[in-house]
1. Kindly establish whether Ala291 is buried (at least 17 other Cβ atoms within 10 Å of the Cβ), more than 14 Å from Pro193 (Cα to Cα) and more than 26 Å from the chain's Cα centre (by Cα).
2. Give Leu177, Leu205, Leu231 a once-over and let me know the one that is more than 28 Å from Gln305 (Cβ to Cβ) and modelled with pLDDT of 85 or more.
3. For Arg269, state whether it is among the basic types (Lys, Arg) and modelled with pLDDT of 85 or more.
4. For segment 138-147, indicate whether the set of residues that are of a type outside the set (Lys, Arg), part of a strand (DSSP E or B) and under 15 Å from the mean Cα position of the chain (by Cα) is non-empty.
5. Say we look at segment 141-153 and pick out the residues that are surrounded by 15 or more Cβ atoms within 10 Å (Cβ to Cβ) and modelled with pLDDT under 90; which of these is farthest from Ala199 (Cα to Cα)?
6. Which of the residues belonging to segment 48-81 are over 24 Å from Asp158 (Cα atoms) and in contact with a Pro (Cβ under 8 Å, 6 or more places away or on another chain)?
Amino acid sequence: MMVPKRIRKKLYVALALLSVVATGCNTEARDAAAPQKDDGDSAIGGRAAFSLPEQHSGRPFSLERHDFNGDRFDDAILMLASRDSLEQGLGFQRLELYVYSPAADRFFLQYERDYYFGRAIQLRDLNIDGAEELIVQLHSGGNSDISSLGMHVLTWSDNAIEELLLFESGAPQIVPLPGDDIPAVFNFQEFWPFELSRAEAVQYLDSIHVVAPVTPLRRDSLIALALDIELLNAQQDYQNHKDSFGDLPDIEGEYRLYAEAARCLIYLRKLGQSDELEAFAAVEDQFWQQALPEEYGRALNAIRQGDEVADTTAIPF
């Protein structure tokens, strides 16, 4: 069993899921202005009634209410689906965020963006400033539940909505960093050589993203610890599968052994541990040749040579 060495790796943040697109229509469609207050006043906040803007009349939509700018009045997050009934089940195609002004007693369109498909939204405090970020889970339209997903993170900063982070692919998940309560986004990808079937793709942790205001040294040490844990888990799982690997393994057993070997190689390469990678591959290569199908051997050799391993990062603004 190899013991990984720590290496510092800078990455960024951003995933999650909650809420789905529903359909609805407001027959009182008008210009999202002059709403009626349900309760509250300027001192304690409250919720004003929101009306669907006239240009969206008849279009399926979903509406979430949340105090996004911290003034204690609920704002409006409007998710608009396609007018095409065949596409409505795929998610929403447009997001509009209206901020309520108690002084003007009306909503103002503060942010708008079109998506290929938005699947869901969630509100989470990712930068631990006491205010929740808006997390939009995306789908790029591909057939993979890993590489076809993405995420967009919006935050309120300096009286404006800021695009904090955008993942165009991957399967991001919000996870607390080990040894700390700091939330991070673990973005997963998949290793899928063309000669292997879709069912033989191997999921792995591609990157870790942190936007909480911590020192670079602390952030990097926490990221390194998390990556070390992933590597150690992969190494232990590989050894367990190898120890239980019989003379006549089934197809599932071959795949499990291959998948854990692939994850070990991927994490060693991503952590920059080239010497450990070569040592591991040199020791195990003969066993792989004897125990695994040739296509699995070629896939492992591709990782060993540094081919076909994604290294995606979030796109900062």
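The values are calculated or read from the model by the stated rules, or taken from the named source; none is laboratory data. Given the structure is predicted, the values throughout are model-derived calculations rather than measurements. In this analysis, Cβ positions are derived from the backbone assuming ideal geometry, glycine residues included, and neighbour counts consider all displayed protein chains.
1. Working: buried (at least 17 other Cβ atoms within 10 Å of the Cβ): yes; more than 14 Å from Pro193 (Cα to Cα): yes; more than 26 Å from the chain's Cα centre (by Cα): yes.
Yes; evaluated as a whole, the condition is true for this residue.
2. Testing whether each residue is more than 28 Å from Gln305 (Cβ to Cβ) and modelled with pLDDT of 85 or more leaves just Leu177.
3. Against the criterion (among the basic types (Lys, Arg) and modelled with pLDDT of 85 or more), Arg269 qualifies.
4. Yes, segment 138-147 contains a residue that is of a type outside the set (Lys, Arg), part of a strand (DSSP E or B) and under 15 Å from the mean Cα position of the chain (by Cα).
5. Among those that are surrounded by 15 or more Cβ atoms within 10 Å (Cβ to Cβ) and modelled with pLDDT under 90, it is His152.
6. Taking segment 48-81 as the starting set, the residues that turn out to be over 24 Å from Asp158 (Cα atoms) are 49-63, 79-81.
Listed by number, the residues that qualify are Ala49, Phe50, Ser51, Leu80, Ala81.
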